1. Between Asn256 and Glu447, what length in nm is gained on full extension when 0.36 nm per residue of separation is reduced by their alpha carbon distance?
2. Give the distance, in whole Å, between the Cα centre of region 523-562 and the Cα centre of region 34-73.
3. Mind scanning Lys413/Lys489; Lys435/Lys552; Lys39/Lys151; Lys501/Lys545; Lys444/Lys550; Lys489/Lys545 and naming the pairs with a C-alpha gap bigger than 18 Å?
4. Longest span of the chain, sites excluded, free of trypsin sites (Lys or Arg not before Pro) in DSSP loop with at most 12 other C-beta atoms within 10 Å?
5. Quick check on my link table: of Lys72/Lys515; Lys102/Lys515; Lys346/Lys496; Lys72/Lys267; Lys158/Lys496, which ones sit more than 28 Å apart, alpha carbon to alpha carbon?
6. Can you tell me the orientation of helix 506-516 relative to the chain, as the angle in degrees between its alpha-carbon axis and the longest Cα principal axis, to the nearest 10?
7. Using alpha carbon centroids, what distance separates region 281-301 and region 455-504, in Å?
8. Return, ordered by residue number, the residues of region 249-267 whose backbone nitrogen is under 18 Å from a label point located 7 Å along Cα→Cβ of Asp383.
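No lab work stands behind these numbers, since they all come straight from the coordinates. Just so we're clear, the structure is a prediction, and the values are computed from it rather than from any experiment. Note that we place each Cβ from the backbone using ideal geometry, even for glycine, and neighbour counts take in every protein chain shown.
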Amino acid sequence: MPAPSSTYESSQTRTFAEFLQRADYSFMDTLLADPQATKDGKDHNPRQVFSGHYVPVTPTAIPSPEYIAHSKNLFHELGLSHDLALDEQFLRLFSGDITVTKKPMRSIGWATGYALSIYGTEYIQQCPFGTGNGYGDGRAISIFEGILNGKRWEMQLKGGGPTPYCRGADGRAVLRSSVREFLAQEYMHSLGIPTSRSLTLYVSRSEKVLRPWYSKDSESIDPDVLVDTPTAITTRVASSFLRVGQIELFARRFRNSPNHHELNELKMIVNHLIKRNYSQEINQSLAFADQVVELANLFRQRLTSLVANWIRVGYCQGNFNSDNCAAGGFTLDYGPFGFCELFDPKFQPWTGGGDHFSFFNQPAAAEANYQMFWAAIRPLLSDNKDALGRLDKLREGFSETMRQKIETMWSKKLGLINYDEMLVNELFSLMLISKVDYTIFFRKLSEIPSELKTLKESFYSTSSNEIDVQWNKWIQNWRGRITRYGNIKETTSSMKKVNPKYTWREWLIAPAYKKAEEGNYSLISELQELLTNPYEEQSSQMAIKYDRIKPKKFFNAGGISHYSCSS
């Protein structure tokens, strides 16, 4: 296994001891722990959590951890030496062994509870107690918060063992899902879309768990076999992991028992959200009511931009519940996600997601999450009619803001100065008829072709003469608008900056995690390099391998064209 290269300036964090000195805990120091929690963090059995913002909990290390990958880009951004990824103590820490820590870092982590809303409807059925008091971070444990290169970051283990919210599960993540999350976060960041980030990926050489999955060549909708697969831990990094569902939780507690204590907990978590995710934009000297209104405004801007960008690159979240919606306005929780290959507005890779979380329905799902966010923060403004009025106008204006963001996105994707609804809708109809590959089509369109021939390389179906005539008419109409108002060379350049060359193709990701189960991590390294440069042309060998439409045999293939959230 080759060691990561190290070409850093003298100011970099080079040793594990230096890394520990960067620890600085705002979450645990300013928010409230569950008063029924243990002090030593040995709190791994399912139970109801009635109060507090977090539960102190220690992770459970995976045995015999082995390095697979780390994010070179994020290490550089954080000022970490690449050598740290293979440092024994660093490896032990980020494979779940928190006993290696020394002050100022703490030998205890934390898990958080949150509420669940699906498409704007509150649920408690998924809670084993039927109350909603057992829903939260079942296998995600934050273990570090600190200042790195002048910014505050939180680091969270995915698959670090059970917490009180594990609902009877083992708290583990399998290698398959860990590889997907690690690579997907790298890819999304490289696409220029706000996201949680990938730090490291370690696998256990000795521990395996049984999970339902798909047998070879299966076309089953649901998993049809139990698979014994290695456990792994990927560490994800963000400015914070506060979710809309967390804000909801404290609003529900206040609604169910309206007293000063519950309202104060809601105010504390909202104030913490402002400081962690919006401190550069919200003036802390403003009255708190004004800060809350501005928070709602900024979150609306971020959320609508985020979803427009998801559609731009073909991403479908698959399960965009309020607990999977980061209150900081970035992409979070890469479980049942997928990227659209064959263009379909109803594309939905997750078998449990339904049309309401499908590709083109994500703006509506985002609005449902914003509705829950808006409702959750309203109690903080109950004594301020002016602030409430401004907040309600922000809620009323969500769909219009979303529409504007979507229209601007399509204009940029097509190289247009102004949005043209008729032109765009005609294009959608032709894309559906010809069954185009979403990414390849728009990348080839970025060359501003004058005829259909080049675009046909992205078609999954044979085109008839009648359809060809419609395509050529559309192309000439579209080109006419570009040449009338812009320069073709400049338009091509700008379009290639929003239309990636390479996309996530599940049938090319699956071999990487299958080889990794055999101890071969070469495909993960190759994909990491490819996906961190998605707009670049790259080598002819990479193009031949990764810039191609989906083979017929992978349509309807369980675990590739569709999959459960079994990880």
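1. 63.0 nm
2. Result: 35 Å between the Cα centres.
3. The answer is Lys39/Lys151; Lys489/Lys545.
4. With trypsin sites (Lys or Arg not before Pro) excluded where exposed in loops, the chain gives 43-215 as its longest stretch.
5. Checking Cα-Cα distances, Lys102/Lys515; Lys72/Lys267; Lys158/Lys496 exceed 28 Å.
6. 50
7. For region 281-301 versus region 455-504, the Cα centre distance is 42 Å.
8. Within reach of a label on Asp383, which here means backbone N under 18 Å from a point 7 Å along Cα→Cβ, region 249-267 contributes 254-255, 258-267.
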